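Working notes for the structure below.
The values are calculated or read from the model by the stated rules, or taken from the named source; none is laboratory data. As the structure is a computational prediction, the values presented were derived from the model and not from experiment. Cβ atoms come from the backbone with ideal geometry, glycine included; neighbour counts cover every protein chain shown. Areas reflect the complete protein model, heavy atoms only, side chains present, ligands, DNA and RNA absent. Shrake-Rupley method; radii C 1.70, N 1.55, O 1.52, S 1.80 Å.
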Amino acid sequence: MRIKRFGAVASTAVLGALMVVMGNAPASGTQSTLRAAADTAGVKIGSAVSGKRLDPAAGEDAYRQWAGAELSSVTTENDAKWKYIEPGQGSFYWDDTDRVVEFAEANDQEVRGHTLVWHSDLPDWVGQLSGTALRDALQHHVTSIVGHYRGRVDAWDVVNEPLNDNGGLRTGAGQNGFWGDQLSASYIADAFSWAHAADPQAKLYLNEYGIEADSAKARGLYNLVRDLLDRGVPIHGIGFQTHKLETTRLSGLADVMRRFTALGLEVAITELDVRVPLPVDAAKLERQANVYGWATEACLAVPRCVSVTTWGFTDEHSWIPSQYPKWGAATLLDERYAPKPAYQRVLQLLSLGRPAAGPVAAWRLDEASGDVAADATSSSPQHLAKADAGVLGNESRAPYLKAFKGNGVNAGAKTCEDPAGRSCGSAIRTDVSYTITAWINPASSTADQVIATQRGVYRQAFTLGQRSGRYYFTIPTTDSPSGIDQTLVSTAAVAAGQWTHLAVVWNNGWSHAQLFLNGVRDSGSALWNNGADSWASTGQFLSERAPRDADSPGPSATCGCTSGWHRMPRSRRWPRRP
């Protein structure tokens with residue numbers, strides 16, 4: 001879980017999002033190619049490629065050989081964009097796109113067609129049309145291209161970048177709003193329907209940038225897609241472009257992906273690259289590798305994420321230097337096709353395979369108001385109900401994020417309640433390895449407060465909180481009045497008024513708890529001396545609330561927290577105790 005901030009006793013505090021993830025055993029061995037590793041993970045690894053460079057006559061042998069050996073999916077980089085494939089009305093140039101498709105068929109690769117409808121790379125003649133003539137030209141364009149490759153292209157980016165950064169339909173000359181201005185939002189549903197009619201077997205995607213974290217655009221896209229699905233529009237997936245900097249953090253990517261998969265869609269990373277400021281050095285390349293790794297991890301953490309595609313694979317042919325002066329080195333390979341640390345990171349992570357399970361519970365707590373925060377997981381969801389004076393809809397780390405505000409005493413949130421008032425079981429299986437993460441901004445450095453806990457019969461199965469100016473994590477040896485507390489206490493002090501990322505990892509195989517602050521392991525993390533395992537609890541999960549209700553015989557404490565987005569750190573892949 002991620003918790004956003006918590007306050008002192010009798011002071012306000014806000015909880016932004018929670019997530020709990022179970023552990024799993026690691027896969028063994030690193031594969032020899034990205035393709036082999038992706039097969040291990042059950043995903044596709046792809047790149048945008050150029051039909052001209054795939055032509056044997058072009059003399060790009062290294063390009064062809066690497067793409068054939070390392071990739072299980074190829075995307076038409078520019079060749080299927082309107083400007084190049086239909087330069088004159090009704091006059092199509094198929095050669096370069098054909099070459100990409102034929103290369104993929106020869107190498108047993110999937111094909112992603114990019115892109116049918118986009119405001120950019122339009123030929124001049126399209127801009128001269130309007131009204132019915134424009135709509136007819138769009139229908140002919142979509143139907144002709146998808147029909148030409150019927151049964152040969154696995155997925156199409158049907159509509160590309162339809163939204164402004166504020167989440168609304170892209171309109172206005174300054175926003176490249178050609179399609180929205182001319183045809184309003186109707187062109188989106190029409191394009192998907194026409195594409196589906198031309199090839200009912202192809203997966204149809206909406207592809208967008210700037211949706212890799214909770215943002216106005218991500219929320220606008222979610223609302224748009226939900227409406228399309230409600231109207232029966234044949235949309236099958238969301239593409240996350242993921243053009244990023246080497247200083248980018250991708251902590252919210254998996255959670256945003258889950259929001260869309262909960263609608264029944266699949267998701268994919270479609271245009272991944274990570275540019276660095278020139279000149280390149282080892283530190284920049286290591287940061288770049290981190291970003292590539294986080295993107296790959298996010299896809300692996302979401303069962304319905306089907307592929308990771310980079311936008312080019314060698315710096316020899318990257319689009320970045322021409323678009324971003326003084327930036328470059330954005331791909332997995334350098335100009336001589338030598339693998340960079342980013343390549344090794346992606347290879348290693350794919351070789352590990354997918355985690356055994358995704359989050360068992362995830363609460364965004366981003367509802368604008370109300371009494372219940374929805375569980376974002378799609379399997380056996382358990383909603384989190386506010387208690388007493390708690391309030392949903394408070395401002396969180398950024399203006400577009402919402403959070404839950406408590407008072408540190410009785411304004412908390414708890415499971416086992418949903419909008420229909422039905423009961424549920426425990427949120428976390430506490431007799432196995434699990435991870436809890438939180439963004440916190442304490443109002444007090446000295447308050448004694450509970451961040452999260454889950455009830456047993458006599459004791460709390462675990463308690464994560466702060467006391468005496470330190471963070472702590474406790475598991476009693478048994479669920480009995482005589483159970484001995486096993487407690488980890490941070491050496492780092494609680495920093496009041498500052499955002500801190502807090503994560504606790506319980507490795508049941510080692511009877512080992514670790515605490516991480518801002519991604520760095522706290523030196524207070526240690527093996528517990530008695531080596532006792534945790535035990536299974538069956539009670540409610542509580543956050544920002546002391547477990548002192550009349551139906552809880554466990555110890556009391558005070559609580560006030562602000563939680564935010566929750567993500568699963570890689571430390572979930574625990575080896576078993578030797």
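Taken over the alpha carbons of region 442-520 as equal point scatterers, the Debye sum produces base-10 log I(q)/I(0) values at 0.12, 0.20, 0.27 Å⁻¹ of -0.35, -0.91, -1.36. Segment ARG467..THR143, full-extension length gain: 110.2 nm, with 0.36 nm per residue of separation and the alpha-carbon distance subtracted. Tally up the carbon and sulfur contribution to the accessible surface of region 198-318 as a whole percent, 1.4 Å probe, everything protein left in place. Here it works out to 50 percent.
Multiplying the residue separation of ALA69 and ASP39 by 0.36 nm and removing their Cα-Cα distance gives an extension gain of 9.5 nm.
Considering only alpha-carbon pairs that sit under 8 angstrom and 6 or more positions apart, the relative contact order computed for region 65-108 is 41 percent. Any idea what diffusion coefficient region 22-122 gets from Stokes-Einstein, in µm²/s, Kirkwood Rh on alpha carbon pairs, 20 °C, 1.002 mPa s? It diffuses with D of about 142 µm²/s by this estimate.
Over 30 Å between Cα atoms: which of LYS52/LYS244; LYS44/LYS217; LYS203/LYS386; LYS52/LYS217 fall into that group?
Listed pairs above 30 Å: LYS203/LYS386; LYS52/LYS217.
Solvent-accessible surface of region 34-106, averaged per residue with a 1.4 angstrom probe and all protein chains in place: 38 square angstrom. Each of ASP136 and ALA62 was given a label point 7 Å from its Cα along the Cα-to-Cβ line. The distance between the two points is 5.1 nm.
Figure the gain on full extension for PHE92 and GLN201 (residue separation times 0.36 nm, minus the Cα-Cα span) and round it to one decimal in nm.
Result for the pair: 36.9 nm of gain on full extension.
When you count the other C-beta atoms within 10 angstrom of each residue and take the mean per peptide, 479-490, 186-197, 42-53, 124-135 line up highest first as 42-53, 186-197, 479-490, 124-135. Out of every Cα pair in region 233-303, what percent are spaced more than 20 Å from each other? Here the long-distance tail beyond 20 Å is 34 percent of all Cα pairs in region 233-303. The Cα trace of region 138-286 gives Rg and Dmax of 16.6, 51 Å, the first to one decimal, the second as a whole number. Residues ASP95, ASP366 ordered from highest to lowest accessible area at a 1.4 Å probe: ASP95, ASP366.
Taking the alpha carbon gyration tensor of region 140-181, multiplying each eigenvalue by 5 and rooting it gives semi-axes of 28, 12, 6 Å, largest first. Spin-label model, TRP125 to ALA262: label points 7 Å out along the Cα-to-beta-carbon direction sit 4.7 nm apart.
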